[in-house]
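Each remark here refers to the structure printed beneath this line.
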Amino acid sequence: MIIIYKKLRAAIVIAFCLMGSLVMAAPAIPAVKFKLKAGAQGKICLTCHESFKKTLKSRAVHSPIKTGKCSDCHDPHTSSHKMLLSADITELCKSCHKEVLPEKARSTHKIVAEGDCLKCHDSHASDNKFILKKPGNKICFECHQDITQNSDKMRFKHPPMMTGKGCISCHDPHASVRADNLLKKSVPALCKGCHKTNQPSFRRKHLNYPVANTKCDSCHSAHGSNTRGILYDQVHAPVAENKCADCHLKSTSPNAIKTKKQGTELCKQCHRDMISETFNKNRVHAPLTDKVGCLNCHNPHGSKQKKLLEASMVDTCGKCHQDTVQLQEWSIKNPKNEGLCEPVKTGNCSSCHAPHSADNVLLIAQKNISIDLCGKCHKWESHSTHPIGAKVFDPRDKNLTVECLSCHKACGTGNKPAMMPFEATYDLCIQCHPDRKR
């Protein structure tokens, strides 16, 4: 009896194993998302959403709408997302359009990184290509108004920007794996697509210098300018006067692009007095002391910025002083900072700091920070009844006197009000006056 029982139990185990293997081996049956009536997909939605009949006649219709698959994006019953979307809008778009944001992108459009696809595209249909809300450049200029405002006033415009594909002649609207600034290719490869560098006219315009493989945007403004040849409006004098040989070797030289000297030694040829004055100060800005020298901050040919800065002042300074620039950004966005210092608001670092050198700490030209520097904008005498000056010593450090920077942080304080290092005036005051602590 025991033997029969054991054999029966073994047979049952083997039978279950065989059944399991059959189940596992069986072909997967595709799950039906929603059990709609036959032929009801899409059509059943139009019984209520009649306005979509007109939408379906648009020139560009989103594929799920065109095929009547509304439930690809929407849940017909309930959802924790607005518009009954079946998922967060960012994840929803990514589920089909994975190629829009490559894994190893060198530059990414901010709104793409933020998942704000509907900033540019209509989710259902449009009369514009790619279901864009506005055609061509108009959609780009919704955000990049500075470019369109400047380009309208420019005497010389870059043709690709104004004709044909417009902005996307050079830029990828989503992300680029090849270059910065969303460029489809790096410079000069991108420029060579239109400009034939092997033509005699090209060489003649560039004074026979071998510039075919150099950075075109070192001299030329990509969108346009008021200077012939779309050179930057701020042009270095030797470039404006076609005197490339003032800085570079002759065009017939094997190394024609190479400069005659390096760093400040080259600039000293014309700017001798300024450089001598700079290096005679007690403190010199570090970038001036290496082999690159002036070119750490300035473009030697031309720039959109004054003083030939290679970028806006805050971006130029931010290359090295990222922590300070980040602090400025936090301070600007902080609603408590209504009294934020104007140079911090505008990113005008040189309002307080000398860009090249100074005799005082922090490259400040004025000897007395409170009176001579802060006093340029602030009437410190009437600002507070708190005593400051050479005769008032800081109780935290007897080697220091009390001045504006004893209580305020000049480059911003993030989420703290009035450029103070603390959330409340009380917390600041008790640092020196612990006897007043409540």
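What follows draws every value from the coordinates through simple rules; no lab data is involved. Bear in mind that the values here come from a model prediction, so they are computed numbers and not experimental data. Using ideal geometry, Cβ is built from the backbone for each residue, glycine included, and neighbour counts are taken over all protein chains shown.
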Exercise. Pick from N415, N213, N399: which residue has the top mean-square fluctuation in a GNM of the chain where Cα pairs under 10 Å get a spring?
Worked result: N399
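For the cross-link pairs K138/K345; K345/K409; K43/K66, which exceed 21 Å when the distance is taken from alpha carbon to alpha carbon?
Violating the 21 Å limit, Cα to Cα: K138/K345.
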For this session: Please determine, in degrees from 0 to 90 and to the nearest 10, the orientation of helix 322-333 with respect to the longest principal axis defined by the Cα atoms of the chain, where the helix direction is its Cα long axis.
Result: 70 degrees
Exercise. Once you have the alpha carbon radius of gyration of the stretch 155-310, what is it after dividing by 2.2 N^0.38 Å, with N set to its residue count?
Worked result: 1.17
Problem set entry | Alpha carbon centroid spacing (whole Å) that separates the stretch 241-275 from the stretch 167-193 | 31 Å
Problem set entry | Cα radius of gyration and Dmax for the stretch 322-436 (Å) | 14.5, 44
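With 19 Å as the limit, write out which pairs from K185/K260; K165/K185; K291/K319; K133/K184; K57/K129 have Cα-Cα distances beyond it, or answer none. Walk me through the intermediate numbers first.
Working: K185/K260 31 Å; K165/K185 16 Å; K291/K319 17 Å; K133/K184 23 Å; K57/K129 14 Å.
The pairs that break the limit, which is 19 Å between Cα atoms, are K185/K260; K133/K184.
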Exercise. In the stretch 123-233, with Lys and Arg counted as +1 and Asp and Glu as -1 at Cβ, which of these residues, S221, L190, Q145, has the Cα nearest the positive end of the dipole, that is, farthest along it?
Worked result: L190
Seminar exercise, completed: Taking alpha-carbon centroids only, the stretch 75-124 lies from the stretch 301-323 a number of Å equal to 34 Å
Problem set entry | Cα-centred dipole magnitude for the stretch 59-139, charges only on beta-carbon of K, R (+1) and D, E (-1), debye, nearest 20 | 420 debye
Seminar exercise, completed: Between A175 and residues 5 or more places away or on another chain, the pairs with built amide H atoms under 5 Å apart involve H109
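Run the dipole for the chain about the Cα centre, Lys and Arg Cβ at +1, Asp and Glu Cβ at -1, nothing else charged, and hand back the magnitude in debye, nearest 20.
Details: 66 positive and 39 negative charges, 386 e Å.
Rounded to the nearest 20 debye, it is 1860 debye.
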For this session: At most 11 other Cβ atoms within 10 Å and a DSSP loop assignment: could you name the GluC sites (Glu not before Pro) in the stretch 327-405 that fit?
Result: E338
Exercise. Once both axes come from the Cα atoms, what is the angle between helix 2-25 and the longest principal axis of the chain, in degrees from 0 to 90, rounded to 10?
Worked result: 60 degrees
Problem set entry | Fluctuation leader among A245, A390, A113 - the chain, Gaussian network, Cα springs under 10 angstrom | A390
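Can you pull the Kirkwood radius for the stretch 205-259, inverse mean 1/r over Cα pairs, to one decimal in Å?
Values: mean 1/r = 0.0840 Å⁻¹.
With all distinct Cα pairs of the stretch 205-259 included, I get 11.9 Å.
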Exercise. Of C73, C167, C194, which is the most mobile in a GNM of the chain whose springs link Cα atoms less than 10 angstrom apart?
Worked result: C194
Seminar exercise, completed: In whole µm²/s, the translational diffusion coefficient that Stokes-Einstein assigns to the chain, given a Kirkwood hydrodynamic radius over C-alpha pairs, 25 °C and 0.890 mPa s, equals 85 µm²/s
Exercise. What order do you get for Y232, Y209, Y426 when you list them from fewest to most C-beta neighbours inside 10 Å?
Worked result: Y426, Y209, Y232
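For each of I111, I275, count neighbouring Cβ atoms within 10 Å of the residue's Cβ, then give the residues from fewest to most.
Working: I111 15, I275 20.
Least crowded to most crowded, the residues run I111, I275.
What whole-number volume per residue, in cubic angstrom, does the convex hull of the C-alpha atoms of the stretch 59-139 give? Please list the in-between numbers first.
Numbers: hull volume 8.3 nm³, N = 81.
Per residue, the Cα convex hull of the stretch 59-139 comes to 102 Å³.
Over the stretch 231-367, what lengths in whole Å, largest first, do the semi-axes of the equivalent ellipsoid take, defined as the square roots of 5 times the eigenvalues of the alpha-carbon gyration tensor? Walk me through the numbers before you get to the answer.
On the way: eigenvalues 213, 68, 29 Å².
Equivalent ellipsoid semi-axes, largest first: 33, 18, 12 Å.
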Exercise. How big is D, in µm² s⁻¹, for the stretch 247-301 by Stokes-Einstein at 10 °C and 1.306 mPa s if Rh is the Kirkwood radius over C-alpha pairs?
Worked result: 130 µm²/s
